[in-house]
Structures are given as structure tokens and as C-alpha cells.
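Data first, discussion second: the structure below is written as C-alpha cells.
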């Protein structure tokens, strides 16, 4: 129970990551470069957003006229409803408003809207935001926020990481365009991978191989897990590895073909394939193992297993996605072998107690690399699983 409580507390804090303005700007500009009219006459919803100081709200409010927006809506989640509890102090912006209500400030969410020049300065910007308390706490699953979802054309936000699956399903159910932040491992979720395979969702334009930096609560203490730095204004920021943008808004980067070498040249010149005379084949899939995206051979017509990070370079005109390991999404690339009669062994030779069924549907390779656990049967046959793989092949030109 203690470990469970600690995990829940950590997950709650991990939902309190706030995106930096520069990262939002860099991503959004990529869509405008590809299509300058992408946001024109559109209603944008920014849920889960704490609008009083959210950089998403600031960015789109400041660029309302430039982007040609029709309406901007931001909603926040009530302080008392959050799993992560911290000291709460209403902002001066809220307390100075005539409709400030000290009984609602921590139990009701808020809604901010921007549609017109309300300050009389002949500009539409952040000074023209209008706000009021929501009836409920601002949970995106509530009827109140669903109604706003249905009104919007595009949904943009950094949703709670712990609710990413549910949040994306909430968007897809309404058939909306979106741009949201999530962990790269979400690529393999059963709720996400089919969208990517069917070209209904893809990675954003400015993803980070080393992670993204987010503003975090002042008492965030998991320094053993995340690397901290300091912003110039002294606020604490947190590097979260493996984070990327997910979207169904088009951008030019995903239509740039990946430059590739032939299989022969990769084996001869690619430093990541040193000492390999050929590409390995999986023991249980009719496909070759390509452990690095830049090692994809240009002249191989068969099926290849590539890392999930490949999707950051994926060009739908160049490759076809066929399936993925461990997600039941490989009808086109069926696994040909099961390992129920194997058992798992550590490099020390100690059995873990797990059966080989644990590695069924992984992309498995013959042999022992001397680095990670392996599986062995009574005949002494040894296999090891690669990390999660996506199956692809070249599109015929």
C-alpha cells in the first residue's frame, strides 16, 4: 500500500508539467509555415490549461489577430479536484474581478474566452480575455467541457500524462483536429497506434530526442528521476525525457523523405552496424531487425522492424506502416512462433521465475548479447527480445 501511495503521489505531480512559451511558439509556427490559413476562422479550445498563467493561453491570445482566430476558449481544473495538492493562492487578476467568489475559487474551474476587442484599444489580445467560473470543476470528461469540445475546431494542450489515453479518445470521439503533448511510449498504446497506422495521427514538427523542459511545482522533489535546471527568472524547470507532440494537423516536415543508404553501404559504412555482416532476422517474424532509423536500407523490399523513434522521421509517401509488436496490431505481419516452453534468465544465470510467454509477440532474436535477460528452453535454445518495434516497408514508387 505504501508503494502504491508513493506511485500515485508521483503520478499526480507528473501531471503538473507546464509547457514553456518558446516550445509552443516553435511548434505552432511549423504549421503556419506549411499552411498560413490553418487557424483562420477557427475556434481553439485549450482545456486542462490554468488560463491565468498558462503559456498556451498567452500565446494564442497574443496572436489572436495574426492567426485570424474566430474564438479562443481556455478552461482550468479546480484546485480541490486535483490529485496533486499544493498551497493555493488566488491571483490578483481573479480577486480584483467584481465576480470573484471565495467559495468558488478552489472548487470550480474557470473558463476564459476571447472573441473581440473589449478594452477599446482597437486590438484583440490577452487584455481582452473574459472569464467566469464554470458550473463544475472543469474536468474534461464533464458535460460542460464536452459541450466546449463540440464547439471547437481544434484542441491544443498538454493534458495530464496519466490521462493521455482517455484524453485522446475524448478528442477522437468528437472527430476534432488536435495538437497535444504526450510520452513517446504512447505511440504503442492500443488507443494510439491504430490512428498512426491509418495515417489519422502522427508526431508533431518539433519533437525532442532529449526530452522537453517544463515548469514544475515549486516543491517537486523527484530529482532522482528528472534533471532540473533553472530558467532565467529563477523558476524551476524539469526535463522530461521521451516527450513529443501528437497531432492530426499537417506540417511539412513529415513529407520530407528520409535519406537512406543501400543495405550494402550500411553494412560497410554505418558506424552503428560495426562488425555486422548482415542484418539480423527475427526468430518469430518474417522481417529483418533495423535497430536504428538511419540504418534503414534503401533497397530492401521486405518487412523491417524499426524503433518507435522512427516515427519522428516517418514520411507517409516513403513508407507503409504494417503493425507493431505487443499490440495485437500485426495482422499483416503475424508472429510465427510462441515461447511458452521457455523461461527467463538473468545474465548471472539466475532464473527470474517468468515463463517465455512473457516475450510472446515481442520481436525476438536468436542468441545472447550479454547485456540483458534472455529466454531459454530445455534444449538450450536462447532468444532475446528487442525493444518494441514498428513494422514497415518501402512504398512502391
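Size of the stretch 264-397 from its Cα atoms: along the principal axes, largest to smallest, the extents are 48, 34, 24 Å. One decimal place: the segment residue 70-residue 377 gains 104.1 nm when fully extended, by the rule 0.36 nm per residue minus the C-alpha distance.
Would you mind checking the tilt of helix 164-173 against the longest principal axis of the Cα atoms of the chain, expressed as 0 to 90 degrees and rounded to 10? Approximately 70 degrees, to the nearest ten. Computed from Cα atoms, the angle from the helix 21-34 axis to the main principal axis of the chain rounds to 80 degrees.
Stretching residue 358 away from residue 277 to a fully extended chain increases their span by 26.1 nm, per 0.36 nm per residue minus the current alpha-carbon distance. What FRET efficiency would be calculated for the residue pair residue 103, residue 162, taking the C-beta separation as r and a Förster radius of 30 Å, to the nearest 0.05? The pair residue 103/residue 162 has a calculated efficiency of 0.55.
Judged by the ratio a/c of the largest to the smallest principal axis of the C-alpha gyration tensor, the stretch 58-206 counts as oblate, that ratio being 1.5 or greater while a/b is no larger than b/c. What number, in percent, do you get for the relative contact order of the stretch 264-397 if the mean sequence gap of Cα pairs under 8 Å and at least 6 apart is divided by its residue count? About 28 percent, as a whole number. Given in Å, the Rg to one decimal and the Dmax to the nearest whole number for the Cα atoms of the stretch 277-324 are 10.6, 30.
Spin-label pair residue 340-residue 298: with each label point 7 Å from Cα along the Cα-Cβ axis, the two points sit 4.6 nm from one another.
With each label modelled as a point 7 angstrom along the Cα→C-beta vector, the residue 116-residue 198 pair spans 4.1 nm. Taking other Cβ atoms within 10 Å as a rough exposure proxy, 338, 351, 42 sort from fewest to most as 351, 338, 42.
Estimated at 0.36 nm per residue, the fully extended path between residue 368 and residue 130 surpasses their Cα-Cα distance by 79.4 nm.
A short reminder: the numbers here are calculations on the coordinates, not readings from a lab. Predicted model, so just to flag it, every value in this text is computed and none were measured. Note: ideal-geometry Cβ built from the backbone for every residue, glycine included; neighbour counts use all protein chains shown.
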